[in-house]
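The values are calculated or read from the model by the stated rules, or taken from the named source; none is laboratory data. Because the structure is predicted, anything quoted here is derived from the model rather than measured. No Cβ is skipped: glycine too gets one built from the backbone with ideal geometry, and neighbour counts run over all protein chains shown. For the accessible areas, the whole protein counts, side chains as well, though only heavy atoms, and no ligand, DNA or RNA atoms are used. Shrake-Rupley method; radii C 1.70, N 1.55, O 1.52, S 1.80 Å.
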Amino acid sequence: MKKNKLENIRKEYNKHSLCKADLKLCPFEQLLSWLDDYSQVNYHELNNVVLSTVSSHGVVSSRVVLIKKI
(Lines give C-alpha, C1' and ligand atoms only; values in the text may rest on other atoms or scores of the structure.)
Protein backbone atom coordinates (compact mmCIF):
# COMPACT_ATOMS: atom_id res chain seq x y z
CA MET A 1 0.00 0.00 0.00
CA LYS A 2 1.36 3.39 -0.91
CA LYS A 3 2.09 5.79 1.92
CA ASN A 4 -0.10 8.57 0.52
CA LYS A 5 -3.13 6.26 0.35
CA LEU A 6 -2.75 5.26 3.98
CA GLU A 7 -2.49 8.90 5.05
CA ASN A 8 -5.71 9.74 3.23
CA ILE A 9 -7.78 7.14 5.06
CA ARG A 10 -9.48 9.18 7.73
CA LYS A 11 -12.93 9.19 9.25
CA GLU A 12 -13.99 12.39 10.96
CA TYR A 13 -15.15 11.97 14.56
CA ASN A 14 -16.07 15.56 15.31
CA LYS A 15 -19.87 15.23 15.27
CA HIS A 16 -20.20 15.08 19.05
CA SER A 17 -18.36 16.42 22.05
CA LEU A 18 -18.10 15.13 25.59
CA CYS A 19 -18.89 17.57 28.39
CA LYS A 20 -18.65 16.59 32.04
CA ALA A 21 -21.94 18.36 32.78
CA ASP A 22 -23.75 16.09 30.28
CA LEU A 23 -22.53 12.81 31.77
CA LYS A 24 -24.83 10.56 33.77
CA LEU A 25 -23.79 9.78 37.34
CA CYS A 26 -23.98 6.02 36.79
CA PRO A 27 -21.36 4.78 34.28
CA PHE A 28 -23.61 1.90 33.21
CA GLU A 29 -26.45 4.30 32.39
CA GLN A 30 -23.98 6.40 30.40
CA LEU A 31 -22.77 3.40 28.45
CA LEU A 32 -26.34 2.32 27.67
CA SER A 33 -27.10 5.85 26.48
CA TRP A 34 -24.08 5.84 24.13
CA LEU A 35 -24.98 2.40 22.79
CA ASP A 36 -28.54 3.56 22.15
CA ASP A 37 -27.29 6.67 20.31
CA TYR A 38 -25.01 4.66 18.04
CA SER A 39 -27.55 1.91 17.39
CA GLN A 40 -29.88 4.57 15.94
CA VAL A 41 -27.36 5.35 13.17
CA ASN A 42 -26.67 1.71 12.25
CA TYR A 43 -23.12 1.78 13.56
CA HIS A 44 -21.69 -1.70 13.04
CA GLU A 45 -20.03 -3.55 15.88
CA LEU A 46 -20.95 -0.98 18.49
CA ASN A 47 -20.06 -3.44 21.23
CA ASN A 48 -16.31 -3.10 20.44
CA VAL A 49 -14.80 -0.76 23.01
CA VAL A 50 -11.47 0.15 24.53
CA LEU A 51 -11.42 -0.37 28.28
CA SER A 52 -8.75 1.56 30.15
CA THR A 53 -7.82 1.34 33.81
CA VAL A 54 -5.19 3.08 35.92
CA SER A 55 -3.12 1.32 38.57
CA SER A 56 -2.45 2.79 42.00
CA HIS A 57 0.93 3.88 40.57
CA GLY A 58 -0.69 5.83 37.74
CA VAL A 59 0.09 3.31 35.01
CA VAL A 60 -2.59 3.17 32.31
CA SER A 61 -3.54 -0.18 30.82
CA SER A 62 -5.89 -0.39 27.81
CA ARG A 63 -7.40 -3.29 25.93
CA VAL A 64 -10.07 -3.85 23.32
CA VAL A 65 -13.06 -5.79 24.62
CA LEU A 66 -16.41 -6.93 23.24
CA ILE A 67 -19.39 -6.06 25.42
CA LYS A 68 -21.71 -9.04 25.53
CA LYS A 69 -23.83 -8.25 28.59
CA ILE A 70 -24.43 -5.24 30.83
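Tabulated data
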quantity	calculated
Gaussian network model of the chain, Cα within-10 Å springs - most flexible of Val59, Val50, Val41	Val59
Helix 27-39 axis, angle to the chain major axis (alpha carbon atoms, nearest 10°)	40 degrees
Unit charges on C-beta of K, R, D, E only; dipole of the chain, Debye	400 debye
By accessible area with a 1.4 Å probe, ligands and nucleic acids excluded, highest first: order of Arg10, Arg63	Arg10, Arg63
Separation of the Ser56 and Tyr43 label points, Cα + 7 Å toward Cβ, nm	3.5 nm
For Ser55, solvent-accessible area (1.4 Å; no DNA, RNA or ligand), Å²	50 Å²
Calculated [θ] (222 nm, deg cm²/dmol) that DSSP helices of n ≥ 4 give over the chain, each run adding -39,500 (n - 2.57)	-8000 deg cm²/dmol
